[in-house]
Amino acid sequence: MAKDGAAGRQPKYLRIAAALKDAIASGEYGPGDRLPGESDLMAAYGVARMTARQAFGVLQSEGLAEARKGAGVFVREFRVGIRRRGIQRLA
């Protein structure tokens, strides 16, 4: 009957991703800043490495972060003014 129980809770990786998004939005991490590493997230949230990777995957899929091989995950540089013109092409 109540949906507020276990079924209503977000998976851990989504909660971690939301916390990182909030930190980016608040300015704690700015464009070009390195985000905490997988090991840091594992220790802070008590999760497995795969869960930390999934959280980073959410940020990357939303365009907020980018992974740099051997260096970590960084907040993306935001470029204002880029516009896609795909819809006009289809008209």
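Any read-out appearing in this document is the output of simple, stated calculations on the displayed coordinates, not a laboratory observation. Computed from a predicted model, the values in this text were never measured in an experiment. Quick reminder, even Gly has a Cβ in these numbers, built from the backbone with ideal geometry, and neighbours come from all protein chains shown.
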Karplus (6.51, -1.76, 1.60) ³J(HN,Hα), θ = phi - 60°, over the stretch 41-56, in Hz, Gly and Pro reported as x: 5, 4, 6, 5, 10, x, 10, 7, 4, 4, 5, 4, 5, 4, 4, 5
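On average over all directions, what projected area in square nanometres does the stretch 10-77 have, based on the convex hull of its Cα atoms? Please report the intermediate quantities before stating the final value.
Values: hull surface 16.9 nm².
Its average projected convex-hull area is 4.2 nm².
Give the residue list of GluC sites (Glu not before Pro) in the stretch 18-67 that are DSSP loop and have at most 14 other beta-carbon atoms within 10 angstrom. Before the final figure, lay out each step's value.
Numbers: sites: 28, 38, 62, 66; in loops: 28, 62.
Listed in order of number, the matching sites are 28, 62.
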Counted charge near residue 18, where neighbours are those whose Cβ lies closer than 15 Å (Asp, Glu -1; Lys, Arg +1): +1
Estimated distance in nm for a label pair at residue 10 and residue 50, the labels positioned 7 Å out from Cα along Cα-to-Cβ: 2.1 nm
